[in-house]
Amino acid sequence: MMKKFLSLTLAFILLLQTVPVMADEETSIELVQKLSVLNEMFSLKCLPKGVKKENLNSYYEKNGLTEECWRIMSEVNEGEIKLQQLRMQEEQTIKCESGCSSVEKLLSHAGLVDIEKIRGQLSCTEEKKQENLKNCASDSLCVLESSAMLVGGYAVDHFFPKFAKPKNCDLGNDSCVTQIVTEFLRALFGLFKSMWSGLKAAGTYIEEKTVQFWDFVTNAEDHSSTSQLALAKASEDEGIFKELINDFPGTVSKIWEGLSGALKHWMKTDIYCKKWSGVAHFSECLQPLESFDCMSCKQFLVGTCGFIGVLGKEILTAFFTGGLLTAAKHGIEGSQTIAKVLKTSKALQESIKKVKVKPRPAGAAATKTAVAMNAINAYLLSPAREITRAAFLKVEALMKTAPVAMVISGTNKTLVFSYKAAEYTVKGIMMPLSNPLTDKAFRAGIKTFDKVFKFGAPKLTVKGPAATALTATDDTIEPLLAEIELNRLAGAMAKKQTIHLEKQLFDKVKPLRKDLSTKALQNEPDLDDVINYLYPELRYGELAKTLPRTSILQAEKELARTIGSLPKGSARTKLLKELQEHISNNEARAKVVGLGQK
Amino acid sequence: MKLFLLFIIMFSSVALADRLELKDDSQTIFIDEKANWELGQNLFGIPFILFSPQLNGQRSNISFTDTGAKIGLKKTAISNEVAYKKMKKNWAIKTDSIPVSFLPYQKYVNRNNHEVHQIGFVFKNEGKVYVENSYYIECRGKVIFSKSLRLDVNEVHEKVFNELIDTLSCSGR
């Protein structure tokens, strides 16, 4: 059992590093295999043995859902959306049997456009075409804003601090476009640190050289290489460079407009070009498919998002390394220039060949398609998938109806479906969920809790001796401590707020701490606990920088004396040693206290 | 014992050059401050990237990230140049770049006693030649990742990159 668990863990870690799937018969099967492993992982890690569907509700109500299990669940969800798209494309190879003479048939037959979504938009007046061109920038922005708001979290906080729902911009229940926007935003903002999760999780496996080190860091290496190359090129224009460095989120809208305008131009003049001056795709397009101009930029994105989604990573890589500067500088006006970047990208051309479905497959090609279809159908009907799907639906339902909170303990996060902090025996903070989970946000594939949920005021789950002694003196202290923990977790983004709260705590604590630390250290000696709650300036962080040097040194002496006054024994010796290690060779301390003497 | 500890507190200090603090939620990375180099934060999700002044039309850059991984790198296959080359060649295909040469793996200890693992490659993109190096630094039990990128002609920035890595340190609980 342990062996199976270990090999599944390894397979799972490696699979998380894979590039996106393209629609050909082999990769449908690869995606099915990946999803099968993920479902098995979910069963092993996130469900009790032999659990039945009808008992899932009570299981999750009692145990909650860890962020890791949420991540697996989201990976499965995301993979199944792609699988449905592949299935649609596979099915279309069978449908277009009598030729594809009309524009509608041409567009649907190649499997790149979802005709249902753009039906009726393929012929129009010249005025309508001009109107679509004129509105393309605001249209694209509408897609970005709507999708970002559905996704919520970081994207909303940074783009739209003053909440404003775009007018006439309802995308309906379109998770496909949300996925594209999510992919785009993720590439720009997130989650570079989460790309190291494979390396983090690998732990001792990698130390035993059972697998290659470089397999675990490929995504992070690729992302940093692409991003740093894009920024190096963007730095050729000093004005744009300053804009990017000083207000990166602010330039995103323009970058997105440039990309979405370019995608439309590229499809019209390259993918669907009807006549070339020379070799197809390598010469000038003499007859672009004008019907694209009858679609607004929003309709275009909605109608082609299946195709764009499958090629997401390749498109973004080509765009960032070749078109970022143009997009940041010119926005929608740069569409044609950026479209050339997409057109001339050899990597993208190779990927497209695999996506485009050939007409009327026969013989071996038809057999391959049938094999892929069978694999997809077999997966969709498999028992492992059935239980994961049931768990997904149960959790989704609980999110909407139960009182949900997130408990953070160290680096572990768990969603719990009860507010009773007394039930938890691990030290941490608990934050009630204050926004209801929308279907779209859940299905958008965000894999970390704090990027998708909004939470209420935090509380401590379990208090150590220092926190217990402190909170007993004053009711207002516990919420203050919990807020500080929460803001510390938010890191650099919440720096000002953390300093402000730490100062408040410091003012309350200082007159009381000599007595409190004696009590706390006698009960259960824990130096970290005492420093965090009673001597916060000895973290040598931002709070310490606001205090006089003499005050820091005074605090150190006071704490040393308090420890020194404890009864002789191993506890006192251990604490003195820990304090000495905390103070010595500590660059953060040196920065605050400076050189040498008192 | 008490007197000894008070003595330690009074005289504990570390000699400081001008240092730049790259503070994240989990760890603070310290590097030397470089005149006229600018710091960008959270660009493409990368926590810290330092940019040189413009030279030969471009700014060189070097990124710093606390990976959070707690691994003893010398026991891993990080020195496997074949695997690294394969990874870089795949990346080059995706970005229409052409690999020119590879820089061998090397391991050394920096001035603050942290082990550094370094490897790199040279490539051409849109007619320009670039030099990229990856650095994996073991600092207080965690792995810090850094990547430098410059135009081949901007060799003067290589010295700055080396200094930054050589004097890098970290703290945090």
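A few points about this structure:
- Residues that are modelled with pLDDT of 80 or more and within 22 Å of A:Leu122 (Cα to Cα) were ranked within the stretch A:296-331; the one that is surrounded by the fewest Cβ atoms within 10 Å (Cβ to Cβ) is A:Gln299.
- Within the stretch A:561-574, if we keep just the residues that are of a type in the set (A, V, I, L, M, F, W, C) and at pLDDT 85 or above, the residue that is farthest from the chain's Cα centre (by Cα) turns out to be A:Leu566.
- All told, A:Ala466 meets the bar of being modelled with pLDDT of 65 or more and either touching a Cys at 6+ places or on another chain (Cβ under 7 Å) or surrounded by 15 or more Cβ atoms within 10 Å (Cβ to Cβ) (or both).
- The stretch B:121-142, residues that are small (Gly, Ala, Ser), away from chain A (no Cβ under 11 Å) and closer than 18 Å to B:Phe161 by Cα: none
- Looking across the stretch A:587-597, the residues that are in contact (Cβ under 8 Å) with a residue 12 or more places away in the chain and either among the hydrophobic types (A, V, I, L, M, F, W, C) or buried (at least 18 other Cβ atoms within 10 Å of the Cβ) (or both) come down to A:Ala588, A:Arg589, A:Lys591, A:Val592, A:Val593.
- Selection from the stretch A:466-487 of residues that are farther than 10 Å from A:Val509 by Cβ and polar (S, T, N, Q): A:Thr468, A:Thr471, A:Thr476, A:Asn487
- Yes/no for A:Ala201 being modelled with pLDDT of 75 or more and more than 7 Å from chain B (Cβ to nearest Cβ): no
- The residues of the stretch B:57-99 that are at the interface with another protein chain (Cβ under 7 Å from one of its Cβ atoms) and basic (Lys, Arg), listed by number, are B:Arg59, B:Lys75, B:Lys94.
- Residue in the stretch B:161-172 that is touching a Ser or Thr at 6+ places or on another chain (Cβ under 7 Å) and on the phi > 0 side of the Ramachandran plot present: yes
- Any chance B:Asp166 is more than 20 Å from A:Asp215 (Cα to Cα) and more than 9 Å from every other protein chain (Cβ to nearest Cβ): yes
- Residue match in the stretch A:583-595 (condition: of a type outside the set (Phe, Trp, Tyr), under 25 Å from A:Pro465 (Cα atoms) and within 11 Å of chain B (Cβ to nearest Cβ)): yes
- Test: A:Lys49 is over 25 Å from A:Asn377 (Cα atoms), more than 27 Å from the chain's Cα centre (by Cα), at pLDDT below 75 and surrounded by fewer than 16 Cβ atoms within 10 Å (Cβ to Cβ): yes
- A:Lys242 away from chain B (no Cβ under 14 Å) and of a type in the set (D, E, K, R): no
- Counted residues, the stretch B:19-40 - those being under 21 Å from A:Leu244 (Cβ atoms) and more than 7 Å from chain A (Cβ to nearest Cβ): 6
- Filtering B:Phe145, B:Phe102 for residues that are within 10 Å of another protein chain (Cβ to nearest Cβ) and either aromatic (Phe, Trp, Tyr) or exposed (fewer than 15 other Cβ atoms within 10 Å of the Cβ) (or both) leaves a single hit, B:Phe145.
- Among the candidates B:Asn56, B:Asn61, B:Asn90, residue that is at pLDDT 95 or above and more than 17 Å from the chain's Cα centre (by Cα): B:Asn56
- Being crowded, with 17+ Cβ neighbours inside 10 Å, of a type outside the set (Val, Ile, Thr), assigned to a helix (DSSP H, G or I) and modelled with pLDDT under 65 is a condition met by no residue of the stretch A:385-405.
- Exclusive hit being free of Cβ contacts under 8 Å to residues at least 24 places away in the same chain and over 30 Å from A:Gln299 (Cα atoms), set A:Ser225, A:Ser277: A:Ser225
- For the stretch A:247-254, the condition holds for at least one residue, the condition being that it is of a type in the set (Val, Ile, Thr), surrounded by 20 or more Cβ atoms within 10 Å (Cβ to Cβ) and farther than 24 Å from A:Ile118 by Cβ.
- Within the stretch A:338-354, the set of residues being under 28 Å from A:Asp247 (Cα atoms) and free of Cβ contacts under 8 Å to residues at least 60 places away in the same chain comprises A:Lys340 only.
- If the condition is being more than 10 Å from chain B (Cβ to nearest Cβ) and not acidic (Asp, Glu), then the stretch A:556-582 contributes A:Thr562, A:Leu566, A:Pro567, A:Gly569, A:Ser570, A:Ala571, A:Lys574, A:Leu575.
The values are calculated or read from the model by the stated rules, or taken from the named source; none is laboratory data. A quick note: this is a predicted structure, and the numbers were derived from the prediction, not measured. Here Cβ is always computed from backbone atoms with ideal geometry, including for glycine, and neighbour counts include all displayed protein chains.
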